[in-house]
1. Run the simple label-point estimate for Met1 and Asp273 please: 7 Å along Cα→C-beta, distance reported in nm.
2. Quick check: net charge around Ala39, other residues with Cβ under 11 Å of its Cβ, Lys/Arg +1 and Asp/Glu -1?
3. For a quick protection proxy, order the peptides 180-189, 6-15, 55-64, 119-128 by their average other-Cβ count within 10 Å, most packed first.
4. Can you work out the accessible area per residue across the chain, with the rest of the protein chains kept in place, probe 1.4 Å, in square angstrom?
5. Counting other Cβ atoms within 10 Å of each Cβ, which chymotrypsin sites (Phe, Trp or Tyr not before Pro) in the stretch 182-270 have at most 16 and sit in a DSSP loop?
6. Quote the FRET efficiency, to the nearest 0.05, computed for Arg236 versus Lys89 with a Förster distance R0 of 35 Å and r equal to the Cβ-Cβ distance.
7. Under a point-charge model restricted to the Cβ atoms of Lys and Arg (+1) and Asp and Glu (-1), what is the dipole moment magnitude of the chain relative to its Cα centre, in debye to the nearest 20?
8. For the stretch 80-232, just say rounded, prolate or oblate: build the C-alpha gyration tensor, square-root its eigenvalues into a ≥ b ≥ c, call rounded for a/c under 1.5, and beyond that prolate if a/b exceeds b/c, oblate if not.
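The values are calculated or read from the model by the stated rules, or taken from the named source; none is laboratory data. The structure presented is a predicted model; accordingly, all values stated were derived computationally and were not measured. Cβ atoms come from the backbone with ideal geometry, glycine included; neighbour counts cover every protein chain shown. These accessible areas exclude ligands, DNA and RNA; they are computed on the full protein's heavy atoms, side chains included. Shrake-Rupley method; radii C 1.70, N 1.55, O 1.52, S 1.80 Å.
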Amino acid sequence: MARTLDEILTSHRNRRAIVMGVLNVTPDSFSDGGDFLDARDAVACAERMLSEGADIIDIGAESTRPGSEPVAPAEQIARLRDVLEAIAKTGAIISIDTNSAKVANFALDAGAAIVNDVSACRHDANMLPLVAERGAAVVLMHMLGEPKTMQRLPAYDDVVTEVRDFLRERLDAAVDAGVDRERVILDPGIGFGKLLEHNLQLLAGLGELAGLDRPLLVGPSRKRFIGELSGQDEPRLRLPGTLAAVLEARRRGATVFRVHDVAETVQALTIADAIAAEADNTDG
Ligand code: HH2
């Protein structure tokens, strides 16, 4: 049963697992670029992910893979128009993956409920006012630099503390702009301006972000760090590594999981949660 938006926004309090299915209507995303450029294919993919148990469909029209170029808002809107309209008709909870307020505004009009901004609303000065005015939920993600340059030797003294402080600062900025604190989701930004060691330290240190008292989203799906550890160069074949990262993140307090492979993730979470519940019963 798909979760309501309220259940998603309180998932950190009762440790409910939420699955966000990725839908990229782009020609160049790192693992599925070009697969869903035809609106019918995109809608069929969303319907499949919903039937597999996705709680949110995250739609993006601009790749943010390392080295990618920005896509003009008008082009993003052109890619999104038919797809958003059709998916909104299914009643699904839609999040729009963009750092452009124009694109977010278009998507909110078309039925999106969540703005997923990998720049944590720093890229576009109109984004926080828009989110506040529309009463939308928002994902604030940590990224060091911009997609075009972010993997050029990112450096931290203490990545977990720096990401935590950044997310706290962006949460405060959102609240100052009039965004309801209860509608904010936080994300350490796996792969965004991070080396392998930084991604591992963040996943291992997620518990330190729990003090911010907001749901934590992680997006390890098919990412490069899994290839680096496993030697698997083909992103589509990184599902086992993705599932391991999801389950370890769940154990450490993340509740929202942004993934390409919804059915497999739902199954893995169901089994892990059943074992964890049994362990709690036995302990209690
Ligand atoms: N990762 C990607 C895109 N958007 N949003 C959030 N909140 N967290 C993430 O980790 C995240 C994200 C990158 O993955 P993908 O969409 O598959 O690739 P691309 O950016 O090449 O379209």
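1. About 1.2 nm, to one decimal.
2. Numbers: positive: Arg40, Arg79, Arg81; negative: Asp38, Asp41, Asp82, Glu85.
Summing Lys/Arg as +1 and Asp/Glu as -1 gives -1.
3. Numbers: 180-189: 21.7, 6-15: 16.0, 55-64: 25.5, 119-128: 19.7.
Ranking, from highest mean packing down: 55-64, 180-189, 119-128, 6-15.
4. Numbers: 12190 Å² over 284 residues.
Roughly 43 Å² per residue, with all protein chains present.
5. Values: sites: Phe192, Phe225, Phe257; in loops: Phe192.
For chymotrypsin sites (Phe, Trp or Tyr not before Pro) across the stretch 182-270 that sit outside H, G, I, E and B with at most 16 neighbouring Cβ atoms in 10 Å, the list is empty.
6. Details: r = 29 Å, r/R0 = 0.83.
My answer for the efficiency is 0.75.
7. Details: 31 positive and 45 negative charges, 2 e Å.
In total the dipole reaches around 0 debye.
8. Working: a/c = 1.93, a/b = 1.44, b/c = 1.34.
Cα axes put the stretch 80-232 in the prolate bin.
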